[in-house]
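K.L.:
I have a structure I would like to understand better, so I am pasting it below and will then ask my questions one at a time.
The values are calculated or read from the model by the stated rules, or taken from the named source; none is laboratory data. Model, not experiment: these values are computed from the prediction. Cβ coordinates were reconstructed from backbone atoms using ideal geometry, including for glycine residues, and neighbour counts include every protein chain displayed. These accessible areas exclude ligands, DNA and RNA; they are computed on the full protein's heavy atoms, side chains included. Shrake-Rupley method; radii C 1.70, N 1.55, O 1.52, S 1.80 Å.
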Amino acid sequence: MRNSFYNKLIACMLGILLTAIILVWFLYNNLGLYPMRNLQISQIESITLYSLSLEKAVLSEDEKKQLISYLKRVELKGKGTQKFKEYDGCRFLMFQLNMKDSSNIDFAASNPFYIINIEKGYKADYELCEKISQLYFSMLDNHFK
C-alpha cells in the first residue's frame, strides 16, 4: 500500500512538471517582447532611411516621431529565425536607428516579419507591420523622387 502511494505521488509530480514545461514553452512561443516600448526620441541621434537601392536619407524630427510611435508597439513573438530570407520581396533593411550611445539598430517590417539587425525575423502583427511598411514607402517617395 505504501508503494502504491509513492507511485501515485511520483506520477502526480511528473504530471505537474510536464504541465509546467508545456506552459513555459507555450508562453515563450506566444507571448511577445516589446523591445522598443520605452524608446524615447531623446535617445536617438538620427534615423537613416534606406532606399530599395540602399541609398540613404536622414529622417526629419516629425518623421522620427511618427516612426517611433509605431516602433513602440512592435511585439517580437516567438524565437527569431532566418526564415524571412526564404521570402521573395522581403525587405531586410528599411531603417537604421542611430542611438546617442553610438549603438545602431537596423529594422524592417516586411509581412509577416519584423527583421532586427538583418539577423533575425520575428512573427509580426499584420496590421502594425503593414502600417510601418506603408510609412516606409511614403517616406521613400518623399526622399527619393
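K.L.:
Please enumerate the residues belonging to the stretch 33-64 that are loosely packed, with under 13 Cβ neighbours inside 10 Å, in a helix (DSSP H, G or I) and among the charged types (D, E, K, R).
P.N.:
61, 62
K.L.:
For the stretch 119-128, check the following and say yes or no: at least one residue is open to solvent by less than 50 Å² (accessible area, probe 1.4 Å), at pLDDT below 90, assigned to a strand (DSSP E or B) and out of contact with any helix residue (DSSP H, G or I) (no Cβ under 7 Å at 6 or more places or on another chain).
P.N.:
Yes, there is a match, as at least one residue in the stretch 119-128 is open to solvent by less than 50 Å² (accessible area, probe 1.4 Å), at pLDDT below 90, assigned to a strand (DSSP E or B) and out of contact with any helix residue (DSSP H, G or I) (no Cβ under 7 Å at 6 or more places or on another chain).
K.L.:
Select from the stretch 135-145 the residues that are aromatic (Phe, Trp, Tyr) and out of contact with any Asp or Glu (no Cβ under 7 Å at 6 or more places or on another chain) and write down the one among them that is surrounded by the fewest Cβ atoms within 10 Å (Cβ to Cβ). Give the derivation first.
P.N.:
Step one: of the stretch 135-145, the residues aromatic (Phe, Trp, Tyr) are 136-137, 144.
Keeping just the survivors that are out of contact with any Asp or Glu (no Cβ under 7 Å at 6 or more places or on another chain) gives 136-137.
Working: 136: 19, 137: 12.
Taking the candidates together, the pick is 137.
K.L.:
Sticking with this one: Which condition breaks for residue 67 when tested against (1) closer than 18 Å to residue 117 by Cβ; (2) open to solvent by 40 Å² or more (accessible area, probe 1.4 Å)?
P.N.:
Only one criterion is unmet by residue 67, namely (2).
K.L.:
Could you please tell me which pairs satisfy a Cβ distance under 7 Å, a separation of 6+ or placement on different chains, a first residue in the stretch 38-51 that is closer than 13 Å to residue 63 by Cα and modelled with pLDDT of 90 or more, and a second residue that is in a strand (DSSP E or B) and open to solvent by less than 10 Å² (accessible area, probe 1.4 Å)?
P.N.:
Every condition considered, the pairs that remain are 44/97; 47/95; 47/97; 48/95; 49/95.
K.L.:
Filter the stretch 70-91 down to residues that are in a strand (DSSP E or B) and open to solvent by less than 20 Å² (accessible area, probe 1.4 Å) and give me whichever is farthest from residue 140 (Cα to Cα).
P.N.:
78
K.L.:
Then there's this: So is residue 132 in a helix (DSSP H, G or I), surrounded by 14 or more Cβ atoms within 10 Å (Cβ to Cβ) and modelled with pLDDT of 90 or more or not?
P.N.:
Yes; evaluated as a whole, the condition is true for this residue.
K.L.:
For residue 117, indicate whether it is over 11 Å from the mean Cα position of the chain (by Cα) and of a type outside the set (A, V, I, L, M).
P.N.:
Against the criterion (over 11 Å from the mean Cα position of the chain (by Cα) and of a type outside the set (A, V, I, L, M)), residue 117 does not qualify.
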